[in-house]
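Engineer: Structure provided below as structure tokens; questions to follow.
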Amino acid sequence: LTGVLDDCLCDIESIDDFNTFKIFPKIQKLQERDYFRYYKVNLKRPCPFWADDGHCSIKDCHVEPCPESKIPVGIKAGSSNKYSKAANSSKELEDCEQANKLGAVNSTLSNQSKEAFIDWARYDDSQDHFCELDDERSPDAQYVDLLLNPERYTGYKGPSAWRVWNSIYEENCFKPRSVYRPLNPLAPSRGGSYLLASVCLFSWTGLCLEKRVFYKLISGLHASINLHLCANYLLEETWGKPRWGPNVKEFTRRFDPMETKGEGPRRLKNLYFLYLIELRALSKVAPYFERSVVDLYTGNGHEDAESKALLLDIFRDTKSFHMHFDEKSMFAGDKKGAKSLKEEFRLHFKNISRIMDCVGCDKCRLWGKLQTQGLGTALKILFSEKEIQSLPENSPSKGFQLTRQEIVALVNAFGR
């Protein structure tokens, strides 16, 4: 791949150099730190859109949850918005005060009213989210060590996997008028592989910048996941000792222009576009983390300080990149139309995050949910610039918050 990306002032060679020599070595180190390696996820949420196909029984689909004893004490102690030492040490006092306040109010409320208030609060909190977040208090939510459950090819494919991506593209994604995509594997075969389809002409006619961006982000996410499967493929399994590595033949099948009717390179360009969007979000969210109130708290003071220093170093690098995507060009039309389009954009993406609960392979579901949440967090940041700029230095903000799960997802999705 070479040349300039559409809708950007950036070329592929510049991104490659910047990532290889500045970003990637640091982000890899950051992902290995305790704060970023443990991700709490609910892999048992039912699919909200169709009857469950049944879970993948291939052993490589399995995710091994992390025993409670292995989770750093600071991560276990904090609730979703508590990530600083001060917040955790004052938690008991807060809980006590909260109990007194609720005690004073709840005596005059029916149980039905209390539930309604909780639902309203949850609804208000969700209005700036681009993702359906897992309830971390659910008994089905478990910590997973991402380093021990790497994203790789598990053998999960066929109608179940196709249905997930088809639902994302056909029902939840603004897309070009025609674009080559694999056909339905459930449809009767006409003598050829279901991965082959007739040549389509690619046209952005009538698709505004915002909808082009949305389609490219989803296509980039899809390309990213496919690349990881090709790069970490089960090449052979002899005497119970699996050998994982790059599968060039599989990569060619998914991305070569001849194999994909010219569509493969465009998919890879969309991956670069996704990288630029998440890079932009990291540069924008820096002021949030530069405040002393944010500690990336795990309970290990020395490691926490090193993790924050490394994160701030990465932020400095992201700001030094001069060819960012300019999100100010989005939703810049008349106020009413722009607001409506932004809300449509948010709801489409939120729906896609819910579709990840329909993935039948646990390992694929884990990494699908994490990367979708990471991208959703990036979008939330890009549309909250004013709130981030007006954050108080020494107290948690009311206007903009990131949960620990969102922080972990953002860093790991960008790392992927």
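The values are calculated or read from the model by the stated rules, or taken from the named source; none is laboratory data. Keep in mind that this is a model prediction, so the values were computed, not measured. Using ideal geometry, Cβ is built from the backbone for each residue, glycine included, and neighbour counts are taken over all protein chains shown. Note: accessible area is taken over every heavy atom of the protein model, side chains too, but ligands, DNA and RNA are not part of it. Shrake-Rupley method; radii C 1.70, N 1.55, O 1.52, S 1.80 Å.
Engineer: Would you mention how many residues in segment 383-414 are surrounded by 20 or more Cβ atoms within 10 Å (Cβ to Cβ) and in a helix (DSSP H, G or I)?
Structural biologist: 11
Engineer: So, in segment 2-19, exactly how many residues are without any contact (Cβ under 8 Å) to a residue 12 or more places away in the chain and among the small types (Gly, Ala, Ser)?
Structural biologist: Qualifying residue count, segment 2-19: 1.
Engineer: Next question, about the same structure. Restricting to segment 377-403, name every residue that is touching a Leu at 6+ places or on another chain (Cβ under 9 Å) and under 25 Å from residue 352 (Cα atoms).
Structural biologist: 377, 378, 379, 380, 381, 400, 402, 403
Engineer: Right, another one. Of the numbered conditions (1) touching a Lys or Arg at 6+ places or on another chain (Cβ under 6 Å); (2) open to solvent by 10 Å² or more (accessible area, probe 1.4 Å), residue 356 fails exactly one; give the number of that condition.
Structural biologist: Every listed condition holds for residue 356 apart from (2).
Engineer: A follow-up question, please. If I go through segment 294-312 residue by residue, how many of them are modelled with pLDDT of 90 or more and either exposed (fewer than 12 other Cβ atoms within 10 Å of the Cβ) or under 21 Å from residue 380 (Cα atoms) (or both)?
Structural biologist: Number of matching residues: 5.
Engineer: Moving to a separate point now. Yes or no: residue 82 open to solvent by less than 80 Å² (accessible area, probe 1.4 Å), under 22 Å from the mean Cα position of the chain (by Cα), at pLDDT below 85 and among the basic types (Lys, Arg)?
Structural biologist: So residue 82 passes the test.
Engineer: Would you call residue 223 farther than 20 Å from residue 355 by Cβ, in contact with a Leu (Cβ under 8 Å, 6 or more places away or on another chain) and open to solvent by less than 10 Å² (accessible area, probe 1.4 Å)?
Structural biologist: Values: farther than 20 Å from residue 355 by Cβ: no; in contact with a Leu (Cβ under 8 Å, 6 or more places away or on another chain): yes; open to solvent by less than 10 Å² (accessible area, probe 1.4 Å): yes.
Considered against the rule, which asks whether it is farther than 20 Å from residue 355 by Cβ, in contact with a Leu (Cβ under 8 Å, 6 or more places away or on another chain) and open to solvent by less than 10 Å² (accessible area, probe 1.4 Å), residue 223 comes out as no.
Engineer: Still on this structure: Within segment 204-220, can one find any residue that is modelled with pLDDT of 90 or more, open to solvent by 10 Å² or more (accessible area, probe 1.4 Å), outside any loop (DSSP other than H, G, I, E, B) and hydrophobic (A, V, I, L, M, F, W, C)?
Structural biologist: no
Engineer: Any idea how many residues of segment 326-353 are more than 30 Å from residue 135 (Cα to Cα), aliphatic (A, V, I, L, M) and open to solvent by 40 Å² or more (accessible area, probe 1.4 Å)?
Structural biologist: Selection size over segment 326-353: 1.
Engineer: Within segment 314-325, identify whether any single residue is touching a helix residue (DSSP H, G or I) at 6+ places or on another chain (Cβ under 7 Å), modelled with pLDDT under 85 and open to solvent by less than 10 Å² (accessible area, probe 1.4 Å), and answer yes or no.
Structural biologist: Yes, some residue in segment 314-325 is touching a helix residue (DSSP H, G or I) at 6+ places or on another chain (Cβ under 7 Å), modelled with pLDDT under 85 and open to solvent by less than 10 Å² (accessible area, probe 1.4 Å).
Engineer: With the condition kept exactly as written, say whether any residue in segment 254-274 is touching a Cys at 6+ places or on another chain (Cβ under 9 Å) and not in a helix (DSSP H, G or I). Quick ask: steps written out before the conclusion?
Structural biologist: So in segment 254-274, the residues touching a Cys at 6+ places or on another chain (Cβ under 9 Å) come out as 254-255, 261, 263, 272-273.
Filter once more, so that each one left must be not in a helix (DSSP H, G or I): 261, 263.
Yes.
Engineer: Can you tell me how many residues in segment 42-66 are exposed (fewer than 12 other Cβ atoms within 10 Å of the Cβ) and modelled with pLDDT under 85?
Structural biologist: Number of matching residues: 7.
Engineer: I'd like the full set of residues that are closer than 18 Å to residue 280 by Cβ, surrounded by fewer than 17 Cβ atoms within 10 Å (Cβ to Cβ) and touching a residue at least 40 places away in the same chain (Cβ under 8 Å), limited to segment 23-36.
Structural biologist: Hit for segment 23-36 is 26, nothing else.
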